[in-house]
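What follows is a short report on a single structure.
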Ligand SMILES: *[C@@H]1O[C@H](CO)[C@@H](O)[C@H](O)[C@H]1NC(C)=O
Ligand SMILES: *[C@@H]1O[C@H](CO)[C@@H](O)[C@H](O)[C@H]1NC(C)=O
């Protein structure tokens, strides 16, 4: 396939500045794009100045640079995959995902499992947002499978009796059959046990979603199902965060 992503190593430009030379930015296959609603926008003399500005801003995960006569305009993005528009005079870049995030094969999603029995759903969401991520959206089949597989791999470390993890998904009780996700998609069921829900679910609750390593309350004791817990504030085994990027980040083949 094509014109793969290319990577601009900041260290190439800034060999002397050790503190920031680990920052990598990538251009997606379709790179001639301008960020629509930047968190900050300002004139710059060079692309490097825009790169530096993004690196120094904790909530900057991408930028676009737009050339015009003389100066250029730098637009900082508050997401890895911000809304952007095609523009022949612009160039779009997004930054690398933080350590702990692994690519879900067949997608442009990077997912991190966090084993943490002290977080409510809202607190888990806030933690993910510190990475520029959100709670994982489990309704893409490869992501669902990845979450299930990852829970299996971590089973020995699960110490609470709950055996489950917060993910994205919101229902509005008394309707427990329409689930909305932060990417604008929804899952609508007409009876318990449809889709990936456990046969007894969704039953009742405050409209938050978990994926279960193992459903232990009532048979069948299945693995990997979706469950609506009684509240959004009781504590779980942890949570999953997800970052969707514009294109898969090229990695050295030994990784
Ligand atoms: C769910 O998404 C579908 C497809 O985008 C849409 O047609 C439908 O209206 C949505 N349902 C709800 C309840 O928003
Ligand atoms: C989760 O993985 C287990 C083990 O591979 C499998 O038996 C189970 O059906 C999966 N659950 C779902 C809901 O996909």
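Read-outs throughout are calculated quantities, based only on the coordinates presented, and are distinct from any laboratory measurement. A quick note: this is a predicted structure, and the numbers were derived from the prediction, not measured. Here the Cβ positions follow ideal geometry from the backbone for every residue, glycine too, while neighbour counts run over all protein chains shown.
Here are the numbers:
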item	result
Filter result (away from ligand 2 (no atom under 16 Å from the Cβ) and loosely packed, with under 15 Cβ neighbours inside 10 Å) within the stretch 178-202	178, 182, 183, 184, 185, 186, 188, 190, 191
Top-ranked residue of the stretch 43-68 - restricted to ones that are out of contact with any strand residue (DSSP E or B) (no Cβ under 8 Å at 6 or more places or on another chain) and outside any helix (DSSP H, G or I), ranked as farthest from residue 243 (Cα to Cα)	68
Qualifying positions in the stretch 208-231 - buried (at least 19 other Cβ atoms within 10 Å of the Cβ) and more than 25 Å from residue 110 (Cβ to Cβ)	215, 228, 229
Out of 206, 201, sole residue that is in a loop (DSSP other than H, G, I, E, B), away from ligand 1 (no atom under 16 Å from the Cβ) and under 25 Å from the mean Cα position of the chain (by Cα)	206
Matching residues in the stretch 168-177 - criterion: being within 12 Å of ligand 1 (Cβ to nearest atom) and exposed (fewer than 13 other Cβ atoms within 10 Å of the Cβ)	172, 175
Of all residues in the stretch 131-164 being assigned to a loop (DSSP other than H, G, I, E, B) and away from ligand 2 (no atom under 15 Å from the Cβ), the one that is farthest from residue 59 (Cα to Cα)	161
